[in-house]
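Taking it in order: structure first as structure tokens, then the write-up.
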């Protein structure tokens, strides 16, 4: 697996900070911090920074669109010659228990609008780092659940981010 770009999915703005849907942003922010990289605005749709992971120059990306339009960043990667099989998308996953982190290549969007947008832009053959957020235990709708701040212990959320960073960097 040769990863040249890592896209963290999330929604821009302080209102969405530390929400379940923004776990992708949390992971790429942790990577940027680990490598002492500074985010730069590429255009109205994207923030990026460059790091070297396992001797490979890697772009970290945070779409600055709302989740449904995350695929707009793909044209930037295409211009840089980065193919879908060299892209890792970090995203929240309802179908995985809170705290579990899994990696896979390809697949469907499974109802995730950010993934749906990326698939529409480049097809399904990119890598995914799936961050388990679980499903709502009560009658909360999925849309409300993913936009809520984590109710779990902040240390448990930090541990999940650390696990993801270790999977990416090892």
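The values are calculated or read from the model by the stated rules, or taken from the named source; none is laboratory data. Quick caveat: nothing in here was measured; it's all calculated off a predicted structure. Positions of Cβ are backbone-derived with ideal geometry, glycine not excepted, and every protein chain shown enters the neighbour counts.
Within the range 144-162, is there a residue that is within 20 Å of residue 29 (Cβ to Cβ), modelled with pLDDT of 95 or more and in contact with a strand residue (DSSP E or B) (Cβ under 7 Å, 6 or more places away or on another chain)? Yes, the range 144-162 contains a residue that is within 20 Å of residue 29 (Cβ to Cβ), modelled with pLDDT of 95 or more and in contact with a strand residue (DSSP E or B) (Cβ under 7 Å, 6 or more places away or on another chain).
Among the numbered conditions (1) in contact with a strand residue (DSSP E or B) (Cβ under 8 Å, 6 or more places away or on another chain); (2) surrounded by fewer than 19 Cβ atoms within 10 Å (Cβ to Cβ); (3) farther than 19 Å from residue 167 by Cα, the only one that residue 83 does not meet is (1). If you go through the range 43-56 and keep only what is touching a strand residue (DSSP E or B) at 6+ places or on another chain (Cβ under 8 Å) and surrounded by fewer than 16 Cβ atoms within 10 Å (Cβ to Cβ), you end up with 50, 52.
The residue that is farthest from residue 165 (Cα to Cα), among those in the range 18-36 that are out of contact with any helix residue (DSSP H, G or I) (no Cβ under 8 Å at 6 or more places or on another chain) and assigned to a loop (DSSP other than H, G, I, E, B), is 36. Among strands (runs of 3 or more DSSP E) entirely within the range 60-170, having at least 2 residues that are free of Cβ contacts under 8 Å to residues at least 24 places away in the same chain and under 15 Å from the mean Cα position of the chain (by Cα) singles out no element at all.
Restricting attention to the range 6-41 and to residues that are touching a residue at least 24 places away in the same chain (Cβ under 8 Å) and farther than 18 Å from residue 67 by Cα, the residue that is surrounded by the most Cβ atoms within 10 Å (Cβ to Cβ) turns out to be 31.
Give the range 49-69 a look and list any residue that's more than 18 Å from residue 167 (Cα to Cα) and in contact with a helix residue (DSSP H, G or I) (Cβ under 8 Å, 6 or more places away or on another chain), or say none.
To start, the set of residues in the range 49-69 that are more than 18 Å from residue 167 (Cα to Cα) comprises 49-50, 62-69.
Within the range 49-69, 49, 62, 63, 65, 67, 68, 69 qualify.
What number goes with the only condition from (1) closer than 26 Å to residue 81 by Cα; (2) in contact with a helix residue (DSSP H, G or I) (Cβ under 6 Å, 6 or more places away or on another chain) that residue 106 does not pass? That leaves (2) as the condition not met.
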